[in-house]
Amino acid sequence: PKKTALHFKIFTVSQGTERLLGEIFVPTLKPYIFSGVGADNPRSFTIHSAFTKAAPGSAQRDGRMNYGEATISIKWIPSGEQTNKGQLGITLYSIKFNDHRVEAPQWKNPRVTVCTYDDKLQPLEIPRWDPRGLGRKALGATIGQISASVAVAYGGNIRFEETMRRDVVTNSLHYRVGAGGAAQHGWDDVSKIWKWGKKHGEQYSTEDFVVRSDFCGASTVATKTQAAATSIGLDACRIITNHILQRSLACVSNRQAYLISDQIFNRATAVPAIIDAIMVEGDRNSIGHYSNVRELIADYHARHKTYVDVKHQIVQAHEASVSQSLGGLNLWPQTVGATSVSLSTLKIPDSFHFQRKVIWIRYCRSGDGERKNAIIEVEAGGRLVNPPEVALEMGSDSKLEKTQMSVTREEFVNCVLTNPLLGENLRRMTTTDTRDEYVPKSKEIKLKVSIVDPSHEQEDEDVMDAIEANQGVLIELWDFDRSSKDDFLGECWLPAFSTLGPTPKSIVLPVRGQDPDGSTRPDSKKQLREDQVCTGDLYVEASWKFPAQELPVGEPGTLQERAEREKMAHTGELYLKIVKATNLRVADDARKHGSDPYAICYVKNQTYSDPHEGWRVAPVTRMLDPILRTNWQKATVNPVWNEEVKVALLTGAFEKRVKSRPQVAL
């Protein structure tokens with residue numbers, strides 16, 4: 001566990017005492033760097049039981065069991081060039097316990113903690129981000145002491161408290177007031193899962209939180225030259241979005257098109273906006289004691305003083321500034337000639353004739369969504385005194401600003417394809433307008449192109465392939481006969497690989513006859529008479545480690561390296577041990593001491609629906625190639641073999657796609 005980037009612990013209260021129920025391990029943060037631009041990317045994580053030692057003499061092995069799964073979204077946003085420094089976002093959606101191993105999951109009311117590990121392998125709790133001001137923090141602490149049901153996930157360390165309130169007298173569970181009920185927060189009796197609402201389930205670490213560099217893969221982000229070649233600025237994204245919407249005849253202004261672009265491509269989905277804009281009589285010093293616009297408005301209302309709401313006019317001025325700038329969102333940029341701005345050009349009626357005035361603008365900037373203020377003095381004649389450039393977009397000077405104000409090529413393509421407003425309009429333009437007479441002749445250039453799957457069919461297939469593996473193992477039992485054909489004793493399928501883990505588990509499989517629905521290996525010798533019934537149980541041990549080897553760090557260079565990495569990402573290791581069988585049928589009634597049984601194991605790619613296809617065959621002879629064939633045991637119906645094998649298997653869909661044969665390692 002100390003080698004994992006995130007270590008989740010799930011606790012429950014049993015007989016008045018809190019105990020550890022399960023754990024989740026996230027080995028690295030590399031797959032979650034900038035994960036889900038503008039959207040969450042929930043994934044399923046296996047809940048492992050606490051490590052237990054098997055009782056002496058039992059068939060069980062030391063290890064952990066699968067207790068269920070948790071749906072979690074993880075984001076790691078580096079704050080600069082160093083990828084191990086940034087902000088961590090964790091959203092816990094739900095926990096579903098395995099009711100075969102966790103008794104009465106509806107009474108567990110789990111509490112979840114999370115930590116990482118420092119360079120000395122000591123647990124390090126993750127401080128939680130608190131965006132509130134000092135007054136709201138104090139108020140939140142007071143309310144939290146009065147009632148935990150309305151507490152929000154701010155301050156302290158990242159943890160996910162119990163979703164339901166436990167009655168101290170009756171020990172019964174009750175939904176918390178204002179949490180949304182079973183549909184959002186607490187136990188959902190329909191889907192049989194524990195849910196966390198967004199208010200409590202979505203949490204972020206403090207900014208500039210530092211983790212171990214090996215948890216993030218590479219130690220630094222791309223260099224300046226590499227970043228310039230592989231990224232695109234938000235200003236360019238705005239221009240592209242504006243042209244796409246104009247070509248598709250969308251009824252939006254330039255400013256609206258730019259705001260749509262920021263909502264699509266910005267990492268924090270922060271859209272710039274004019275929040276408040278008022279004009280009052282006086283100068284900068286006369287309003288200096290007010291902390292914000294809302295406080296000034298409330299005070300003016302109480303004292304019956306006059307102020308003018310000029311938000312509409314300022315928004316129109318912003319629209320004009322955006323139309324004159326190329327992809328910029330700043331108000332009155334210096335390149336537009338803002339020195340000539342006056343109340344008459346802004347179409348603001350002068351309610352304070354021949355008096356000095358002040359315009360106070362409160363706005364939200366692009367990039368990080370930070371709230372800022374701009375105070376502009378107005379002369380008695382109505383001319384704005386040197387109006388500053390109101391920066392409604394984040395700069396691009398620091399490393400953090402460059403990260404926030406740009407996206408990589410992969411992120412840009414993904415955002416376009418997943419957004420219907422852009423992706424669908426692009427599809428229409430490219431499928432209807434195929435003329436090239438107006439395209440100027442130019443020199444061909446070489447482009448680095450990534451082939452994407454707009455329907456996400458291959459992506460979905462790969463995800464399901466990694467979960468289920470889509471490989472099946474058929475274990476057949478036969479009676480060895482030197483003088484005639486071997487007699488069929490029965491067969492059984494190994495459980496789905498998704499139910500196995502990297503630690504071998506003991507399994508008892510009932511021995512049955514040939515499956516009547518045809519989901520078996522076709523063989524005429526499996527046809528038995530009505531009075532011949534397959535009986536008994538087969539004892540095996542099995543494990544599935546996926547992937548079989550840890551993937552190398554860094555991006556592959558050559559095409560061969562990429563192909564080898566792709567193969568490694570879809571290769572798992574199956575461990576199978578045939579232990580023994582009990583109460584097998586006697587193949588020959590004339591024999592007194594039973595059969596001479598042996599077991600043989602075949603692998604079938606379950607992506608093939610035809611029972612004759614998908615079976616593992618030898619590359620030269622094209623004959624069936626079993627992964628294990630045990631020795632036969634003489635004259636017994638309770639044979640003991642204790643023979644094992646380890647085999648590397650490709651996942652079914654990937655093997656079918658590349659038509660490759662897995663290799664065996666005994």
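What length, rounded to one decimal in nm, is gained on full extension from Thr269 through to Phe25, with 0.36 nm per residue of separation minus their alpha-carbon distance? Present the calculation step by step, with values, prior to reporting the outcome.
Values: separation 244, 0.36 × 244 = 87.84 nm, distance 2.91 nm.
Between Thr269 and Phe25, full extension yields 84.9 nm more.
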**Fill in**
Carbon and sulfur atoms account, in whole percent of the 1.4 Å probe accessible area of region 509-666, for 49 percent
**Complete:** Karplus ³J(HN,Hα) for region 245-252 (6.51 cos²θ - 1.76 cosθ + 1.60, θ = phi - 60°; Hz, whole; x = Gly/Pro) runs 5, 5, 5, 8, 6, 6, 8, 9
**Complete:** Whole-Å distance linking the alpha carbon centroid of region 367-396 with that of region 609-643 is 78 Å
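Where does each of 16-28, 189-201 land if you order them by average Cβ count within 10 Å, highest first? Walk me through the numbers on the way to the answer.
Numbers: 16-28: 15.7, 189-201: 17.2.
With the highest mean Cβ count within 10 Å placed first, the list reads 189-201, 16-28.
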**Message:** Under 17 Å between alpha carbons, and skipping anything fewer than 8 positions from Lys108 in its own chain: which aspartates and glutamates qualify?
**Reply:** Glu18, Glu23, Glu69, Asp99, Glu161, Glu162, Asp167, Asp188, Asp189
**Request:** Mind grabbing the accessible area of Arg255 for me, 1.4 Å probe, Å², rounded to tens?
**Result:** 50 Å²
**Prompt:** By its C-alpha gyration tensor, with a ≥ b ≥ c as the square roots of the eigenvalues, how is region 295-375 shaped: rounded for a/c under 1.5, else prolate for a/b larger than b/c, else oblate?
**Reply:** oblate
**Asked** Once you list every other residue whose beta carbon is under 9 Å from the beta carbon of Gly86, what net charge do they have if Lys and Arg are +1 and Asp and Glu are -1?
**Response** -1
**Prompt:** Given Lys195/Lys656; Lys30/Lys198; Lys441/Lys567; Lys120/Lys195, which pairs have Cα atoms separated by over 30 Å?
**Reply:** Lys195/Lys656; Lys441/Lys567; Lys120/Lys195
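The values are calculated or read from the model by the stated rules, or taken from the named source; none is laboratory data. This is a predicted model, so every value here is computed, not measured. Here the Cβ is made from the backbone with ideal geometry for all residues, glycine too, and neighbour counts use every protein chain on show. Side chains included, ligands, DNA and RNA excluded: accessible areas come from the protein's heavy atoms. Shrake-Rupley method; radii C 1.70, N 1.55, O 1.52, S 1.80 Å.
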